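Only one structure is covered here, and it is reproduced in the block below.
The values are calculated or read from the model by the stated rules, or taken from the named source; none is laboratory data. Values in this document were obtained by computation on a predicted structure and should not be read as measured data. Positions of Cβ are backbone-derived with ideal geometry, glycine not excepted, and every protein chain shown enters the neighbour counts.
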Amino acid sequence: MNKRLMAAIIGAALVAAWMISFLSPELAIRRYVFFHLRPIQSIQIDIHDMKRIDQEYGHLYNVDGYFSHQTKDEINVFYLNKNGFIWTVNSVGTGP
């Protein structure tokens, strides 16, 4: 294989992985953590569906193991929206 073909295959695989990450809430949360410069934490976090839907913010998820860069506090509350079959992170913060 030449280098150009290999680069095209790797690029296509990365795009496919990114697109697949929109199909489930857990993958959407992992994508969010990964792209906020925490790639190791994106693999190690524990995600729990709290089975609550807020009319303003969306579906509530509790995440264990994700920490802020600046404060070193755990960020454990994620609200996600579902539009069709696509999941996106709407809001992130700490719980009470």
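General observations
- Test: residue in the stretch 9-26 that is in contact with a helix residue (DSSP H, G or I) (Cβ under 9 Å, 6 or more places away or on another chain), without any contact (Cβ under 8 Å) to a residue 60 or more places away in the chain and among the charged types (D, E, K, R): no
- Filtered residue count, the stretch 1-17, keeping only those that are surrounded by fewer than 10 Cβ atoms within 10 Å (Cβ to Cβ), assigned to a helix (DSSP H, G or I) and not hydrophobic (A, V, I, L, M, F, W, C): 2
- Residue match in the stretch 33-44 (condition: farther than 20 Å from residue 14 by Cα and of a type in the set (A, V, I, L, M)): no
- Scanning the stretch 18-58 for residues that are touching a Leu at 6+ places or on another chain (Cβ under 9 Å), in a helix (DSSP H, G or I) and β-branched (Val, Ile, Thr) yields a count of 2.
- Tabulated pairs, the stretch 29-54, first free of Cβ contacts under 8 Å to residues at least 24 places away in the same chain and surrounded by fewer than 16 Cβ atoms within 10 Å (Cβ to Cβ), second part of a loop (DSSP other than H, G, I, E, B) and among the small types (Gly, Ala, Ser), C-beta under 7 angstrom, 6+ apart or interchain: 44/65; 46/65
- Residue check, residue 73 exposed (fewer than 12 other Cβ atoms within 10 Å of the Cβ) and in contact with a Ser or Thr (Cβ under 8 Å, 6 or more places away or on another chain): yes
- Selection status of residue 70, at pLDDT below 95, of a type in the set (S, T, N, Q) and more than 12 Å from the chain's Cα centre (by Cα): yes
- The residues of the stretch 26-53 that are over 17 Å from residue 95 (Cβ atoms) and among the basic types (Lys, Arg), listed by number, are 30, 31, 38.
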